[in-house]
Amino acid sequence: MSTEAPAHSLESTARSRLESTARSERETEALQALPGGAVVNAFRLLDHRGRSRAVTLRLARRGAYLALQDGTETRLIGLEPRITHLGRGIGADLRFEDQRVSRSHAIIVRHGRFARVLDNRSSNGTFLNGRRIVATNLRNGDELQLGPVPMRFVEVP
C-alpha cells in the first residue's frame, strides 16, 4: 500500500491554489481603485452623534470643519480643539458606518491655526486631493477621502 498521493490530485491542488492566488490579487487590485468609487451622500454614513453636531455654512462659527454632502446640501462638522479621531470604531470622534472605513482610520491634529491629517494604518487608505497620503498638512478647501467617504476641509474665518 502506497502513502503517496496520485499525481493528478497534486496537479489539481496546485492549480486551485494558483487560481485562488490570482483571484485574491484581482480582489486586492479592486480595493486600490477606491478613489473613483466614492460615496455620494457621505453625511448619511455618520452615526447619530456626528449628524447631531452638523451645521450649515451660514450658522458655522469661526474654526475648522469637515464638510460632507447631504444630498444637495453641505453640512459642516466641527473638529475637536486638538485631536479628532475619524473611523468606524466606537471611540472615534467622527464615526462613519461603512465597513470600508477602518475602526481607527485617520487622525486630524490641530496646532494653532494649522491642521494635519495622518492615516492610522487604514486598510483602504486616506486620500488628499486624489493622492494617497500617510501624513500631510491640510489647507482650506482640501478634498479628503477616507476609503470611499469624501469630505472637504473647511476653515471658517
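Data overview
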quantity: The range 61-73, residues that are under 21 Å from L86 (Cα atoms) and open to solvent by 20 Å² or more (accessible area, probe 1.4 Å); calculated: G63, Y65, Q69, D70
quantity: Residue count for the range 138-151, restricted to those that are crowded, with 16+ Cβ neighbours inside 10 Å, in a loop (DSSP other than H, G, I, E, B) and modelled with pLDDT of 95 or more; calculated: 1
quantity: All positions within the range 76-100 that are at pLDDT below 95 and in contact with a helix residue (DSSP H, G or I) (Cβ under 6 Å, 6 or more places away or on another chain); calculated: E97, D98
quantity: Selection count where residues are over 16 Å from the mean Cα position of the chain (by Cα) and either within 16 Å of I77 (Cα to Cα) or at pLDDT 95 or above (or both), scope the range 101-137; calculated: 4
quantity: Residue satisfying condition, being open to solvent by 20 Å² or more (accessible area, probe 1.4 Å), free of Cβ contacts under 8 Å to residues at least 40 places away in the same chain, within 22 Å of R53 (Cα to Cα) and touching a His at 6+ places or on another chain (Cβ under 6 Å), within set I90, I83, I107; calculated: I107
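The values are calculated or read from the model by the stated rules, or taken from the named source; none is laboratory data. Just so it is clear, the structure is predicted and the values come from calculations on it, not from any experiment. Glycine gets a Cβ as well: all are built from the backbone with ideal geometry, and neighbour counts include every protein chain shown. Just the protein is used for accessible areas: all its heavy atoms, side chains included, with ligands, DNA and RNA removed. Shrake-Rupley method; radii C 1.70, N 1.55, O 1.52, S 1.80 Å.
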